[in-house]
1. Residue separation times 0.36 nm, minus the C-alpha to C-alpha distance between residue 439 and residue 309: what's the value?
2. Modelling each spin label as a point 7 Å along the Cα-to-Cβ direction, I'd like the residue 588/residue 105 distance in nm, to one decimal.
3. How high is the FRET efficiency from residue 120 to residue 625, r the C-beta distance, R0 56 Å, rounded to 0.05?
4. Looking at (i) 81, 69, 47; (ii) 79, 63, 58; (iii) 92, 53, 44, which value of Cα extents along the principal axes in Å comes from a calculation on the structure shown?
5. Between the DSSP loop rule and a limit of at most 12 other Cβ atoms within 10 Å, which GluC sites (Glu not before Pro) in the range 47-154 are left?
6. State which stretch of the chain is the longest one without any exposed chymotrypsin sites (Phe, Trp or Tyr not before Pro), exposure meaning a DSSP loop state and at most 10 other Cβ atoms within 10 Å.
7. Helix-only estimate, please: 222 nm mean residue ellipticity of the chain, summing -39500 (n - 2.57) across DSSP H runs of length 4 or more and dividing by its residues, to the nearest 500.
8. With the other protein chains left in place, how much accessible area per residue, in square angstrom, belongs to the range 431-493 at a 1.4 angstrom probe?
Amino acid sequence: MTEQRGWQFWVDRGGTFTDIVARPPDGSLVTCKLLSEDPGRYRDAVLAGIRRLLGVAPDAPIPADAVEAVKLGTTVATNALLERTGERTVLAITRGFGDALRIAYQDRPALFARHIKLPEMLYQRVVEIDERHAADGRVLVPLDLAACRPALEAARRDGFGAIAIVLMHGYRYPAHEAALEALARELGFGQVSVSHKVSPLMKLVGRGDTTVVDAYLSPILRRYVDGVAAELGTARLLVMQSNGGLADAARIQGKDSILSGPAGGVVGAVETARAAGYQKIIGFDMGGTSTDVSHFAGAYERAFETRVAGVRMRAPIMRINTVAAGGGSMLRFDGRRFRVGPDSAGANPGPASYGRGGPLTVTDANLMAGRLHPDFFPRLFGPGGDQPLDRATVVAKFAALARETAVASGIVRTPEDIADGFLRVANENMANAIKEISVQRGYDVTAYALCAFGGAGGQHACAVADRLGMQTIFIHPLAGVLSAFGIGLADCRVLREAAIERPLDTTALAETDARIQVLGADAAVEMAANGVGSSRTTARATLHVRYEGTDTALDVGYAPGRDDPAAVTAAFEAAHRQRYGFVVPDRRPVVEMVGLELIGAMDRPAEPQAATRSRTEAALAPRARTEFVSAGQRHPAPVFHRDDLCAGDVIDGAAMIIEPTG
């Protein structure tokens, strides 16, 4: 590990809370948790948290030599996608295909819906370009730059700052896209995204959607990152990507930051669980807005085609299943049943217990059921941000809800029972989300450890594990801020893909090896720009293989120059059998694409040291006693502080364990 000269900050700016884990020059770890939005007290939670830990006044400059590096995961791009507040974008596409992205695949997510609601397109104008390559590279229609110039000039005059360039077969024959890119830059477009750089793969729709996302989000992300960097002075700023790796802030793209924070959570869960001896885990990250679940059994799992906020994307993203059941998910009774989410109270006004006039949420249900104790919770609430959780308001609101449900159903329930009912709904939703990434994909979830983290993970871990038949729960000492800690544990990663589209044989593998050489050279340049030398870099190649005539490819590890077609076929069939339960011996496999991942090792923080006290020193005694409701029953429970526990301690029966993270 290189000598640390200044503070390092690892930050996860989430939808409700911003979590910070910091390492001062002495190598210790300190944490901070702030509401992500608090306009009356600070402009940006990330910079406010850094100033607080440095002991700097809220409006004072950050000392130039105090900070060595900041590693940041942010929801800025995600929020822009959800709220449709990205840059005004024009789509430049081959003539005749102006509505191709709108038509797309004509899939029906809600099969029996009578009224089909098409997703809102991110681009606001289309410019059709006179040009056309054939699939074999022949130029069917030469590119006419003079003809398209007036339309692009008009777009610039009308305030469009971003352009997405998507031409037919441009991923393989990029000359026309490159020429159009040069013209767009000449005309002053601040963001120019071209498909052969953003998503160099076949299929116009997937490539086009991803390019549009990149054009739409990159300016928003760039402005935010540049604003943070400007206040950090010479400190190095790295941004967490959706693929689980860090990248220099100057090179981050919008398409790579959609799941920035959650990806840090996956890395944190995997690396801390691995250090504790667990090789197969289910990540269970329950935050303020949603719950993210992930599967790990030896390798990070990534999805290359996904849909986020109704928008299709094709980029390597951590395979994370999200359900709208976070601490801030709103509770409501629709006259017949309890519903949890998908709407969230967010950071402002937040749950009713935050004392800002918010609605009832999962957090309030935990408070009502006795699973949260205001005396042991941070005093971050109320108009001044210095009050405890407002239990009186929560009790009043649940009492009113109990009366409402009694009138509708004729069944009298206590406010605690109402809260417990909502928690059961939330727990079932989260257990089902875990089944989608495990049981439904052929994995026996009972053989895994449930790694629970996030601000609300510990409150629900036991109930979720019970529903899944899991026997082991792992909760790290920094579980409340594990996504931020995971960002500190992450390495730099550069991912590159190239289309192959050949039957699996020696010719296909020879072409694959040649492509890997080109991808590796390109990735090495970017890794060097991230500040990581070749001596600290390793590479991993992956083939995406599918059966001929199908469109679902599976990842297969590949050793360039060493694996032969038989070995790749055997690996593919093993993966196919594990996923689907069968193979098709008489159908030949096809290599759809090759992916190369370059991993640049970063200095990692040491694990927090576990207490070495012996229980012979003093008997285990609770700090308080309480009572909570679970599964329809009341349970008296002692309250323990985690710092009071020693290795080997066993607690029988119901109990509450308090962790002071943040």
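1. Stretched fully, the residue 439-residue 309 segment lengthens by 44.3 nm.
2. About 2.5 nm, to one decimal.
3. 0.60
4. (ii)
5. Listed in order of number, the matching sites are 120.
6. Formally, the longest exposed-site-free interval is 113-581.
7. Calculated at 222 nm, the ellipticity per residue is -10000 deg cm²/dmol.
8. In whole numbers, the range 431-493 has 30 Å² accessible per residue.
The values are calculated or read from the model by the stated rules, or taken from the named source; none is laboratory data. Computed from a prediction, not measured in an experiment: that's the story for all the values here. Every residue, glycine among them, receives a Cβ derived from its backbone with ideal geometry; neighbour counts consider all protein chains shown. Note: areas computed on protein heavy atoms with side chains; ligands, DNA, RNA excluded. Shrake-Rupley method; radii C 1.70, N 1.55, O 1.52, S 1.80 Å.
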